[in-house]
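What follows is a short report on a single structure.
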Amino acid sequence: MDVELVVVAESDKAVLANLVQLYQHDFSEIRDLPLTRHGTFTYAYLDHYFTEPAREAYFIEVGGELAGFALARADVDKDGSWNVAEFFVARGHRRRGVARAAARSLFARHPGTWTLTFDHANVGAAALWRQVAASVADGPVTEVDRTDPVPATRLRFRVA
């Protein structure tokens with residue numbers, strides 16, 4: 001299986017926006033994400049991925065076909081670390097190793113410290129991220145649980 005991350009060009013921002021709608025639809029099962037009067041979800045940060053150099057947007061492709069996206073941002077903790085901001089694999093590509101391969105590729109782009117957070121209610125994400133972090137970490141993976149704004153776990157690890 002050929003899984004690849006492809007930088008999202010600004011000319012493809014509408015495609016990314018469509019995928020973000022699918023992501024938020026899935027996410028609305030575990031978070032209170034209201035629909036707008038237009039029948040869409042609001043995502044306030046999309047434009048930032050095309051205007052801020054510390055943010056990166058990638059399409060996830062499998063065999064040249066669109067399968068999802070990954071959004072990353074730098075220095076969330078003001079220590080030079082990178083953060084997985086959003087990550088989505090379309091349902092037809094799940095449970096086939098696509099997410100694992102795409103995540104590993106994302107981490108390899110920026111060796112160093114990474115962080116990510118997943119909701120406790122997102123059982124699939126919890127299993128995925130713990131397994132992937134353990135497989136790429138150069139050293140321990142630290143977990144910090146929080147309850148505000150929702151019960152979630154934050155992982156922090158270093159990639160060689």
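Just so it is clear, none of the values below were taken in a lab; they were calculated from the coordinates. Not measured: the values here are computed from a predicted model. Neighbour counts run over all protein chains shown; Cβ positions are idealised from the backbone, glycine included.
Largest GNM mean-square fluctuation across Val89, Val15, Val123, computed for the chain with C-alpha springs under 10 Å, falls on Val123. Over all other residues within a Cβ to Cβ distance under 13 Å of Tyr45, the charged ones net out to -1, with Lys and Arg as +1 and Asp and Glu as -1. Helical runs (DSSP H, four residues minimum) scored at -39500 (n - 2.57) apiece and divided by the length of the chain put the mean residue ellipticity at 222 nm at -8500 deg cm²/dmol.
When the trypsin sites (Lys or Arg not before Pro) in the stretch 70-140 are filtered for DSSP coil states and for at most 12 other beta-carbon atoms within 10 Å of their beta-carbon, the remaining sites are Lys78, Arg95. Tell me, what HN-Hα J-couplings in whole Hz come from the Karplus equation 6.51 cos²θ - 1.76 cosθ + 1.60 at θ = phi - 60° for each residue of the stretch 112-127, using x for Gly and Pro? Here the 3J(HN,Hα) series is x, 7, 10, 9, 7, 10, 10, 5, 4, 6, 8, 4, x, 5, 4, 5 Hz. Going from the fewest other Cβ atoms within 10 Å to the most, the residues Asp145, Asp119 appear in the order Asp145, Asp119. Of the trypsin sites (Lys or Arg not before Pro) found in the stretch 1-46, those in coil by DSSP whose Cβ has at most 14 other Cβ atoms within 10 Å are Arg31, Arg37.
Across the stretch 3-159, Cα pairs under 8 Å and at least six residues apart give a relative contact order of 18 percent.
A full extension of the chain between Ala127 and Asp77 corresponds to an added length of 15.6 nm, given 0.36 nm per residue minus the alpha carbon distance.
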